[in-house]
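The values are calculated or read from the model by the stated rules, or taken from the named source; none is laboratory data. Treat the numbers as computed from the prediction; the structure is a model and nothing was measured. Reconstructed Cβ throughout: ideal geometry from the backbone, glycine too, with neighbour counts over all protein chains shown.
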Amino acid sequence: MAERVMTMDAGHDGGASPVLAAQVAAAPTQAPHDGSGPSLTAIAAVGANGVIGDGRGLLWHIPEDFARFKAVTSGGVLIMGRRTYESLGGALVQRVSIVLTRDRLWRASNTRGEQVLVASSVRQTAALLAQHTDKRWWVAGGGEIYRQWWPYTTDLDITAVAASPDGSVTFPSIDSRHWRLASRRLREGFAFETYRRSSSDAALALASLIGHAS
Ligand SMILES: NC(=O)c1ccc[n+]([C@@H]2O[C@H](COP(=O)([O-])OP(=O)(O)OC[C@H]3O[C@@H](n4cnc5c(N)ncnc54)[C@H](OP(=O)(O)O)[C@@H]3O)[C@@H](O)[C@H]2O)c1
C-alpha cells in the first residue's frame with residue numbers, strides 16, 4: 001500500500017481514574033474530541049460496503065486521499081497492526097509508528113531512520129502513547145486494530161468511497177446512535193467525513209487505559 005493506510009486486553013475496561021484522566025487531559029497538543037479529555041482518531045478509507053482491504057493490495061487509488069492522509073497525520077503517532085505496516089512497504093515519514101505484533105522477534109524493516117516502535121499488547125501500546133502526549137494519536141488500521149481500539153476511539157476521519165470492492169477486511173460499523181457526523185466534504189466518487197462520539201465513554205476509557213499503562 002502506498003502512503004494511504006489510509007480496538008482490549010483483559011483488565012483495561014475499568015472505570016476511569018479522575019486523577020489519571022486529568023493528567024492525560026493536560027497533554028498540551030492532544031486534540032480533545034470535546035475539550036474534556038484525550039482523543040484518539042481512527043482514520044480509514046472505507047467502501048460503501050464497509051470493506052477496507054483484501055489483504056493483498058490497494059483497493060482504490062485516490063491521490064487526494066493519500067495527500068490528505070499525509071497532511072493530517074504528519075507530526076502524529078500512528079497505531080497500526082503488523083499486517084498493515086508490512087503492506088505499506090516502509091515506515092511513514094514525519095510520524096511515529098507503533099506497530100502491534102505478538103511476534104517478539106519481529107523487527108521493522110525499511111525504516112530509513114523514521115521512528116517505528118513495536119508493541120506486543122494494547123497495554124504496551126498505551127504506555128508508548130503516554131510518552132507522546134505532545135502529539136495527536138491515530139489508529140491507522142487494519143481491521144483487527146480498528147476493532148481492538150474501538151472502545152477508546154473518540155473520533156473518526158473517514159474517506160467514504162462510493163465503491164463496494166470485494167475484500168474480507170472491514171471497518172467497524174459506524175452506528176449513528178453513538179457517532180455524530182461533524183463534517184462532510186463531497187468529492188467525485190468519495191467524501192471526507194469526520195465523526196465524534198456522542199458520549200464521553202471512549203475518552204474516559206482512553207484516559208483510564210493510558211493512566212494505568214504509564
Ligand atoms: N482502507 C484503509 O484505510 C486501510 C487502512 C489500514 C489497513 N487496511 C487494510 O487492512 C488489511 C490489514 O488488516 P488486518 O485486520 O488483516 O491486519 P492488521 O489489523 O493490520 O494487523 C493484525 C496484526 O496485528 C497484530 N496484533 C493485533 N492485535 C494485537 C495485540 N493485541 N497485541 C499484539 N499484536 C497484535 C498481529 O500481528 P502478528 O500476526 O505479527 O502477531 C495481527 O496479525 C490490509 O488489507 C490493509 O490494506 C486498509
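Across the stretch 159-173, not a single residue is classified as farther than 26 Å from Gly55 by Cα and aromatic (Phe, Trp, Tyr).
A quick yes/no check of all residues on (1) away from the ligand (no atom under 13 Å from the Cβ); (2) more than 19 Å from Arg197 (Cβ to Cβ); (3) in a strand (DSSP E or B):
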{"position": "Leu117", "(1), (2), (3)": "no, yes, yes"}
{"position": "Leu129", "(1), (2), (3)": "yes, no, no"}
{"position": "His132", "(1), (2), (3)": "yes, yes, no"}
{"position": "Lys135", "(1), (2), (3)": "yes, yes, no"}
{"position": "Gln148", "(1), (2), (3)": "no, no, no"}
{"position": "Ala160", "(1), (2), (3)": "no, no, yes"}
{"position": "Pro165", "(1), (2), (3)": "no, yes, no"}
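Here the condition is being over 16 Å from the mean Cα position of the chain (by Cα) and either in a strand (DSSP E or B) or crowded, with 20+ Cβ neighbours inside 10 Å (or both); of Ser176, Ser183, it holds for Ser183 alone.
The set of residues in the stretch 65-95 that are exposed (fewer than 15 other Cβ atoms within 10 Å of the Cβ) and either among the acidic types (Asp, Glu) or in a helix (DSSP H, G or I) (or both) comprises Ala67, Ala71. Taken over the stretch 137-146, the residue count meeting the criterion of being within 15 Å of the ligand (Cβ to nearest atom) and not in a loop (DSSP other than H, G, I, E, B) is 6. Is it true that some residue in the stretch 108-119 is crowded, with 17+ Cβ neighbours inside 10 Å, within 16 Å of Ser208 (Cα to Cα) and modelled with pLDDT of 95 or more? Within the stretch 108-119 (the criterion being crowded, with 17+ Cβ neighbours inside 10 Å, within 16 Å of Ser208 (Cα to Cα) and modelled with pLDDT of 95 or more), the answer is no, since none of the residues qualifies.
Restricted to the stretch 187-211, and to residues there that are part of a strand (DSSP E or B) and among the charged types (D, E, K, R), the residue that is farthest from Leu128 (Cα to Cα) is Arg187. If you check Asp9, Asp65 for being modelled with pLDDT of 95 or more and of a type in the set (Asp, Glu), only one passes: Asp65.
Of the set (1) touching a strand residue (DSSP E or B) at 6+ places or on another chain (Cβ under 9 Å); (2) more than 14 Å from the ligand (Cβ to nearest atom), all apply to Thr170 but (2).
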